[in-house]
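The values are calculated or read from the model by the stated rules, or taken from the named source; none is laboratory data. For clarity, every value in this text was computed on a predicted model and none was experimentally measured. All Cβ positions, even for glycine, are placed from backbone atoms using ideal geometry, and neighbour counts span all protein chains on display. In case anyone asks, the SASA skips ligands and DNA or RNA and just uses the protein heavy atoms, side chains included. Shrake-Rupley method; radii C 1.70, N 1.55, O 1.52, S 1.80 Å.
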Amino acid sequence: QVQMVESGGRLVQTGGSLRLSCKASGRAFSRLAVAWFRRPPGKEREVVATMSWRGDYIYYAEPVKGRFTISRDNDKKEVYLQMNNLKPEDTADYYCAANNGGPTSVARAYDYWGQGTQVTVSS
């Protein structure tokens, strides 16, 4: 079993930066694909970025390409999302997730989820 806890969300101004962290527990974490998803207010959950367990495959959703960076530290069992040049449309609850089956943008494929952290970008 893997448990995941996000942190780092807060209110930030347009153009600002934030680094979200996700702390995982469980021995299997280092072999799990990970991802960040977000749910904007009143909208469906959407993928932000995914990464394979080795870190050799990374996917970014088009709206965040060039601005966001996903990374992981398997020794610390942590996943990060560096968010730069934030825009009001980035306002959302952000969730980290882990998957036994490999990186994918399909949310239902993920086995483990955090509780979410709120990011608000003011205009």
Report summary line: One finds, for Ala28 and Lys87 with R0 = 30 angstrom and r their Cβ-Cβ distance, a FRET efficiency to the nearest 0.05 of 0.25
Report summary line: Rounded to whole angstroms and listed largest first, the alpha-carbon spread of the stretch 55-117 along its three principal axes comes to 32, 23, 21
**Report entry** trypsin sites (Lys or Arg not before Pro) restricted to DSSP loop in the stretch 33-73 with at most 10 other C-beta within 10 Å
**Finding:** Lys43, Lys65
Requested in this report: Report the label-to-label distance for Val106 and Ser123 in nanometres (one decimal), using points 7 Å from each Cα along the Cα→Cβ vector.
Outcome: 3.6 nm
Report summary line: Checking the stretch 1-57 for GluC sites (Glu not before Pro) in a loop per DSSP with at most 10 other beta-carbon atoms within 10 Å yields Glu44
Query raised in the report: For the stretch 63-123, which whole percent of the accessible surface, found with a 1.4 angstrom probe, sits on carbon and sulfur atoms?
Result: 41 percent
Query raised in the report: Using a Gaussian network model of the chain with C-alpha springs under 10 Å, which one of Ala35, Ala92, Ala61 is most mobile by mean-square fluctuation?
Result: Ala61
Query raised in the report: In square angstrom, what is the accessible area per residue of the chain with a 1.4 angstrom probe?
Result: 53 Å²
Query raised in the report: For the chain, what number results from the quotient of the Cα radius of gyration and 2.2 N^0.38 Å?
Result: 0.97
Query - Sparse-neighbourhood loop sites, chymotrypsin sites (Phe, Trp or Tyr not before Pro) in the stretch 30-96 - DSSP loop, at most 13 other Cβ within 10 angstrom - result: Tyr57
Query - Accessible area of the stretch 1-53 belonging to carbon and sulfur atoms, whole % at 1.4 Å probe - result: 45 percent
